[in-house]
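Student: Attaching a single structure in structure tokens format; questions to follow.
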Amino acid sequence: MREIRLATHGLPFFIENAAQEPLWFSERYGYSSMKRSTRYGFLLALRKARRTGVRAGREEGESLLEFALLLPLLSMLLLGIVYGGITFYNYAELTNAVAVGARTLATNRAALTGPPTACTLAENAVTSAAASLPSPVVVATPTFAGSSTCSALQLGDAGTVSATYPCRFTIPFLGINLCPMKGTGAGTACPYAYCISSKTTVYIQ
């Protein structure tokens, strides 16, 4: 009995009994003088190759299963990031528009009785500054801490400008809305299902 190594794989086999060599074995591996591998050496290599293939297929199946389980969570995370980004952009635009309206209110004491009054000018300024938002902004009538009114602003009094905008920050597949303000019905400060709001207080100049 002698050991040889196949040129294609380098696997050891033991050859004996030259009279019973399988023809396909000699032709496949190019050893015309090879007679017959022992059952142990050949079957051992064959079983090892089969076990390796089964293990690879099993690992691939486990990876697909893990991906299928994680896919809904990844989708929720991705859509949450998208909706969160949109909501944050809308809030930034709303805050900037309200600040513009507050500055308009603070610097238009000379408008007095109008028309338009300082309050109307402030509301129009908010609407114009929020023109980039796809839905209309709901602007509340400015309020004052002292005795000022929209037609009679008092120097040094504090005036507050506020506005709301529809919010659609819903967690996909769960239906949970993370918007901070729930709607209060038509004709109110938040006529939508959910809203984001912003307000700015300034002193009348």
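The values are calculated or read from the model by the stated rules, or taken from the named source; none is laboratory data. Model, not experiment: these values are computed from the prediction. Because the Cβ atoms are built from the backbone with ideal geometry, glycine has one as well, and the counts that use them run over all protein chains shown.
Student: Which residue, of 38, 117, 52, 107, is surrounded by fewer than 18 Cβ atoms within 10 Å (Cβ to Cβ), at pLDDT 85 or above and more than 30 Å from residue 168 (Cα to Cα)?
Tutor: 107
Student: Tell me which residues, restricted to the stretch 149-176, are modelled with pLDDT of 80 or more and not in a loop (DSSP other than H, G, I, E, B).
Tutor: Correct list: 149, 152, 158, 159, 160, 161, 162, 163, 164, 165, 166.
Student: Might you check whether a residue that is under 30 Å from residue 166 (Cβ atoms) and either of a type in the set (Asp, Glu) or surrounded by 12 or more Cβ atoms within 10 Å (Cβ to Cβ) (or both) occurs anywhere in the stretch 65-76?
Tutor: Yes, some residue in the stretch 65-76 is under 30 Å from residue 166 (Cβ atoms) and either of a type in the set (Asp, Glu) or surrounded by 12 or more Cβ atoms within 10 Å (Cβ to Cβ) (or both).
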